[in-house]
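The next block holds one structure in the form of structure tokens; read it before the comments.
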Amino acid sequence: MDPREFWGKSTKFWLCLILLFAVLLGFYSNVFSLISTWQREESQSQDTHSVVLQRMQLEKKESSERDCHLDTCRIPEVPRLVYPKAQLLKPTRVDVLVMTPWFAPIIWDGTFDSAILDAQFRNITVGLTVFAIKKYVVFLKLFLETAEKHFMVGHKVNYYVFTDQPANVPQIPLQEGRQVVVLEVRNYKRWQDISMHRMEMISNFSQQRFLREVHYLVCLDVDMKFSDHVGVEILAPLFGTLHPGFYRGDRQSFTYERRPLSQAYIPRDEGDFYYAGGFFGGSVPEVYRLTMACHQAMMADQANGIEAVWHDESHLNRYLLYHKPSKVLSPEYLWDEHMLRRPPLLRKLRYVAVPKNHAEIRNR
């Protein structure tokens, strides 16, 4: 073989080998580079995920702390008390239902001990909202005077009076730690509009000040008076009151909104109780959620040209059907002696209607 031919073939062989090595080196270099990049991106993704998770946890914690207004979300320590022991085999009431199917207590006389409850709720402030718009301002004096005798006695109370007539809010003597806060609002031509806009006003002021000032809100009608003890036994994250006209009735008799077009619609095969629009409440965050939801539902109805049969009360019943209250108040807490005959099971009447001419009051 010619040496030149040998060396020529040998050179070509080595050049091919070197080129192949270079190609493989470049390929693996790119692979290692990609692996490194993937590792960096995965690490960054994990870091980002960790940061997002930490931020979400922090926001959740902050939200929880905002919602849990001081003592409303914790079990308080109770000081030493002397009281009769509850008897497991001797229920305090056997003539009425005292527990809902979702384990919410129904509050009747004889089912609670005020001394224990007062100790549990000793460090709270209760906000009471009441609307005295147009002629309804005439009920304020009796309302406030009887509240001072019977409502949350021994506890701090802010009476939030929504009115279009601040100058006509009466001055009455108040217990220590209690105050009347006048909130000026507009009136509306129809009483139905006043009733429905209560939800909007309560939700707005819950954001603006109630969250900072009180632990619980109790939302009441003003054309009533307190006639017996109404205390911290009613307090819970969310509570409603059995309507005195329907506490004996079945679902078919309830005057729910039955038109599917309305946001307050409740089908005839659903419903627990019929709740009164004149007495509801709970912790401030829960009342805010309730009133905001009802207001938004009423605005949706208005946009569709429909008005629920019993206005804000219809929307309240819809909300409490799908957001079960954690306490239910018996008709002791809302009664009309002039329209209803008092049954033996009502040992006490705690909050009762004041006689009035509805047409005259509502239409002026």
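Could you size up the charge dipole of the stretch 190-301 around its Cα centre, putting +1 on the beta carbon of Lys and Arg and -1 on that of Asp and Glu, and report it in debye to the nearest 20?
160 debye
Go through I107, I75, I116 and list them by solvent-accessible area, largest first, probe radius 1.4 Å. Mind dumping the intermediate values first?
Working: I107 15, I75 145, I116 45 Å².
If we order I107, I75, I116 from most to least accessible, we get I75, I116, I107.
With respect to the cross-link table entries K141/K225; K134/K356; K85/K149; K90/K324; K135/K156; K156/K324, which display a Cα-Cα separation exceeding 20 Å?
K85/K149; K90/K324; K135/K156; K156/K324
Please identify every one of the GluC sites (Glu not before Pro) in the stretch 147-191 that sits in a loop by DSSP and has no more than 12 other beta carbons within 10 Å of its own beta carbon.
Answer in residue order: E176.
Percent of accessible area on the stretch 113-362 owned by carbon and sulfur, 1.4 Å probe?
Numbers: 5260 of 10530 Å².
Carbon and sulfur: 50 percent of the exposed surface of the stretch 113-362.
Antiparallel versus total DSSP beta bridges in the stretch 113-362: what percent is that, nearest 5?
Percentage antiparallel, nearest 5: 30.
Skip the ligands, DNA and RNA, and give the accessible area per residue of the stretch 146-263 with a 1.4 Å probe, whole Å².
About 45 Å² of surface per residue is accessible.
Hey, how many Å between the Cα centroid of the stretch 86-102 and the Cα centroid of the stretch 137-173?
A separation of 35 Å, based on Cα centres.
Compute the FRET efficiency between A303 and H323 as 1/(1 + (r/R0)^6), taking r as their Cβ-Cβ distance and R0 = 30 Å, and round to the nearest 0.05.
On the way: r = 23 Å, r/R0 = 0.77.
Efficiency computed from Cβ-Cβ geometry: 0.85.
Show me 297-303, 138-144 ranked by packing, highest mean number of other Cβ atoms within 10 Å first.
My ranking of the peptides, most packed first, is 138-144, 297-303.
Pick out, from G245, C219, V284, the residue whose Cα sits farthest towards the positive end of the charge dipole of the stretch 113-362, with +1 on the Cβ of Lys and Arg and -1 on the Cβ of Asp and Glu.
Going by the charge dipole, the pick is G245.
How much of K356 can a 1.4 Å solvent probe reach, expressed as accessible area in Å² and rounded to 10?
Around 50 Å² of this residue is reachable by solvent.
Please find the FRET efficiency linking M339 to S114, where r is the Cβ-Cβ separation and R0 is fixed at 30 Å, and quote it to the nearest 0.05.
About 0.55, to the nearest 0.05.
When only DSSP loop residues count, what trypsin sites (Lys or Arg not before Pro) in the stretch 212-321 have their Cβ near at most 15 other Cβ atoms within 10 Å?
R248, R258, R268
The values are calculated or read from the model by the stated rules, or taken from the named source; none is laboratory data. Here the structure is a predicted model, which is why all the values come from computation and not from measurement. We place every Cβ from the backbone using ideal geometry, glycine too, and count neighbours over all the protein chains shown. To get the accessible areas, we keep the full protein, side chains included, count just its heavy atoms, and leave off ligands, DNA and RNA. Shrake-Rupley method; radii C 1.70, N 1.55, O 1.52, S 1.80 Å.
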